[in-house]
1. Per residue, what volume in Å³ does the Cα convex hull of the chain take up?
2. Counting helices only, and only those DSSP H runs with n ≥ 4, report the 222 nm mean residue ellipticity of the chain as the sum of -39,500 (n - 2.57) divided by its residues, in deg cm²/dmol to the nearest 500.
3. So what J values fall out for the range 14-25 if you push phi through Karplus, 6.51 cos²θ - 1.76 cosθ + 1.60 with θ = phi - 60°, rounded to Hz, Gly and Pro as x?
4. Near residue 12, within a Cβ-to-Cβ distance under 11 Å, what is the net charge of the other residues, with Lys and Arg +1 and Asp and Glu -1?
5. Taking amide H positions as placed in the peptide plane 1.01 Å from N, state which residues far from residue 78 in sequence (5 or more) or on other chains have amide H under 5 Å from it.
6. Work through the residues other than residue 21 whose Cβ is under 13 Å from its Cβ and net out their charges, Lys, Arg +1 and Asp, Glu -1.
7. Using θ = phi - 60° and the Karplus curve 6.51 cos²θ - 1.76 cosθ + 1.60, what whole-Hz ³J(HN,Hα) does each residue of the range 66-72 get, with Gly and Pro shown as x?
Amino acid sequence: MSEQLKTQFTQRIVELQHRVDSIHQDFASGRDADWAEQAGERENDEVLNALESEARVEIQKLSNAITRINNGDYGICQTCGENIAKQRLQVQPAAIKCIVCAD
Ligand SMILES: [Zn+2]
């Protein structure tokens with residue numbers, strides 16, 4: 001079970017890493033192209049930046065989750081020590097708090 005989760009998380013991290021890489025490629029190619037007027041280009045950069053930081057945050061969460069699996073405290077609420085509900089983990093696999101403490 002936990003090995004399966006680790007594999008799942010690792011695959012997701014690889015996917016996200018690819019996404020971050022391709023965002024960087026977009027940045028690079030955007031710089032060379034002269035199609036974009038300044039304002040549009042800046043807007044585009046902001047979107048890409050947001051996507052990148054989103055991906056990075058998720059990578060961080062997932063690698064923390066892998067660490068917790070290794071430590072044997074995955075799925076345990078960091079605040080109250082209760083088990084986090086399975087349904088919650090299905091929706092948010094990297095959740096560190098139970099639904100009560102998360103609010
Ligand atoms: Zn809790």
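1. 109
2. Computed mean residue ellipticity for the chain: -25000 deg cm²/dmol.
3. 4, 4, 5, 4, 4, 4, 4, 4, 6, 5, 5, 5
4. +1
5. The answer is 97, 98.
6. With Lys, Arg at +1 and Asp, Glu at -1, the neighbours total -1.
7. 4, 4, 5, 4, 4, 7, x
Throughout, read-outs are computed from the coordinates displayed, never taken from laboratory work. Not measured: the values here are computed from a predicted model. Using ideal geometry, Cβ is built from the backbone for each residue, glycine included, and neighbour counts are taken over all protein chains shown.
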